[in-house]
1. Of the residues Phe282, Phe269, Phe239, Phe232, which single one is outside any loop (DSSP other than H, G, I, E, B) and closer than 18 Å to Phe369 by Cβ?
2. So which of Thr57, Thr17 is open to solvent by 40 Å² or more (accessible area, probe 1.4 Å) and out of contact with any Pro (no Cβ under 8 Å at 6 or more places or on another chain)?
3. When the residues of segment 32-46 are narrowed to those that are open to solvent by 60 Å² or more (accessible area, probe 1.4 Å) and more than 31 Å from the chain's Cα centre (by Cα), which ends up farthest from Val65 (Cα to Cα)?
4. Can you name every residue in segment 353-383 that is part of a loop (DSSP other than H, G, I, E, B), of a type outside the set (A, V, I, L, M) and open to solvent by less than 50 Å² (accessible area, probe 1.4 Å)?
5. Restricting the search to segment 211-242, which residues are polar (S, T, N, Q) and open to solvent by 10 Å² or more (accessible area, probe 1.4 Å)?
6. Taking segment 201-230, which residues are touching a residue at least 60 places away in the same chain (Cβ under 8 Å), over 20 Å from Phe282 (Cβ atoms) and either of a type in the set (D, E, K, R) or out of contact with any Cys (no Cβ under 7 Å at 6 or more places or on another chain) (or both)?
7. Just checking: which of the strands (runs of 3 or more DSSP E) contained wholly in segment 85-128 hold 1 or more residues that are open to solvent by 10 Å² or more (accessible area, probe 1.4 Å), at negative phi and among the basic types (Lys, Arg)?
8. Would it be correct to say that Arg306 is crowded, with 17+ Cβ neighbours inside 10 Å and without any contact (Cβ under 8 Å) to a residue 24 or more places away in the chain?
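The values are calculated or read from the model by the stated rules, or taken from the named source; none is laboratory data. None of the values given here were measured: they were computed from a predicted structure. Neighbour counts are summed over all protein chains in view; Cβ atoms, including those assigned to glycine, are modelled from backbone coordinates with ideal geometry. All accessible areas refer to the heavy atoms of the entire protein, side chains included, with ligands and DNA or RNA removed. Shrake-Rupley method; radii C 1.70, N 1.55, O 1.52, S 1.80 Å.
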Amino acid sequence: MIPLQTHGKPLVPFRHTVLGKIISQHVREEDREDHILVTEKLSAETSLRGYAGVLTTQKLPYGLVPAELCPVIHCVKSLNHLADRDVVALNPNGYVRTLFRVASEHNVLFATDRCNSFCLMCSQPPRDVDDSDRLSEHLRLIELIDPRTREMGITGGEPTLLKDGLIHIVRKCKEFLPQTAIHILSNGRLFYYGSYAHNLAEVGHTDLMVGIPLYADTDHEHDYIVQSRGAFDETMVGFQNLGRHGVAVEVRVVTHRLTVHRLENLAEFIYRNLPFAAHVAFMGLETVGFAVPNIETLWVDPWDYRHELEQATRYLADRGMHVSIYNHQLCTLPVSIWTYSRMSISDWKNEYLPICSACTARERCGGFFSSSIRARHSEHIGPFEVLPA
């Protein structure tokens, strides 16, 4: 696993969270405003004027750097995971959060902790907190992200609960990251209001997609999984409103015991009711968050529903829909649908079992969530000595 945070001690107390791009070599004072200097050695003679902040593993004497120059966090546990042009947040308590990694293909902007659903398998359980002040941090982060970034996710919680704030974020992305594809993960329910879908479309972002989960082709099953009555109807209207206004949508289906028995029915429902969907993704269960206390209700070995997944995937693909399989190991899938399997697990939480080291298919296999290795995974994991034809 790749660490996304570290911690140290503020050399002098500071009041507000500071964002900046990591830099390991000194730059001219006039170019320092956006940068956080990472250094293993700091002295009283080191010029720090103009930097957004400084990180060092050194233990420094109090007051070595005047507080008015910039925030300094010393005694940092580790800096090895940080690279130039990464973006971090320095918290007044000494925590250093990595918000963007330049070498990663899995960067996300975590919009909010709040959500208006309560999904049984939610990997990021919602918190009812006032995080409205987070918007300014999001907008600042976008200014600091490398504009060459290929794709950026916006997730939560439920990003649409930011309301106009989400529109501001997408507009900021269009301005500062014009070449970056933006993928919003949403339950789609607030797009029930056509004006909201219209406002998102009006931003005019040329590479924007909204990924929305649909767990069943029946309202009562979907509503039970998201623990919110009426959610199915709101989500379906949300899909239609986004499609009507020209916003690309992705349908996401998490496969677990409560969904796999109707995968073929759901595939037909998607084709008949959401033919405009740009992508359909069948996603394996991540055993964290609410999935842990609900594991007995949700867990099913992927091997046991491999034929249903094969039929649903082929049904959509044969009708010209773009379909993918996420978070599954190749040894649990029929060879006929390997071509739809993607290496989708974020690099910072992707692992493999020791037995996988001998597998000839490992380089194209998605592996496991770290949580699945600790909790549950298929009983049918095994290496391929020769790649299947």
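1. Working: Phe269 fails: closer than 18 Å to Phe369 by Cβ; Phe239 fails: closer than 18 Å to Phe369 by Cβ; Phe232 fails: closer than 18 Å to Phe369 by Cβ.
Result: Phe282 is the single residue among Phe282, Phe269, Phe239, Phe232 that is outside any loop (DSSP other than H, G, I, E, B) and closer than 18 Å to Phe369 by Cβ.
2. Details: Thr17 fails: out of contact with any Pro (no Cβ under 8 Å at 6 or more places or on another chain).
The match here is Thr57.
3. Filtering segment 32-46 for residues open to solvent by 60 Å² or more (accessible area, probe 1.4 Å) gives 33, 40-41, 44-45.
Those left that are additionally more than 31 Å from the chain's Cα centre (by Cα): 40-41, 44-45.
Values: Glu40: 15, Lys41: 13, Ala44: 7, Glu45: 10 Å.
Filtering segment 32-46 for residues that are open to solvent by 60 Å² or more (accessible area, probe 1.4 Å) and more than 31 Å from the chain's Cα centre (by Cα), the one farthest from Val65 (Cα to Cα) comes out as Glu40.
4. Taking segment 353-383 first, the residues part of a loop (DSSP other than H, G, I, E, B) are 353, 359-361, 365-367, 375-383.
Next cut, of a type outside the set (A, V, I, L, M) only: 359-360, 365-367, 376-380, 382-383.
Within segment 353-383, Cys359, Cys365, Gly366, Gly367, Ser378, Gly382 meet the criteria.
5. Start the filter on segment 211-242 by keeping residues that are polar (S, T, N, Q), which leaves 218, 227-228, 235, 240-241.
Correct list: Thr218, Gln227, Ser228, Gln240, Asn241.
6. Ser228
7. Once the strands (runs of 3 or more DSSP E) in segment 85-128 are filtered for at least 1 residues that are open to solvent by 10 Å² or more (accessible area, probe 1.4 Å), at negative phi and among the basic types (Lys, Arg), what remains is 95-100.
8. On the way: crowded, with 17+ Cβ neighbours inside 10 Å: yes; without any contact (Cβ under 8 Å) to a residue 24 or more places away in the chain: no.
Taking the combined requirement at face value, the residue does not satisfy it.
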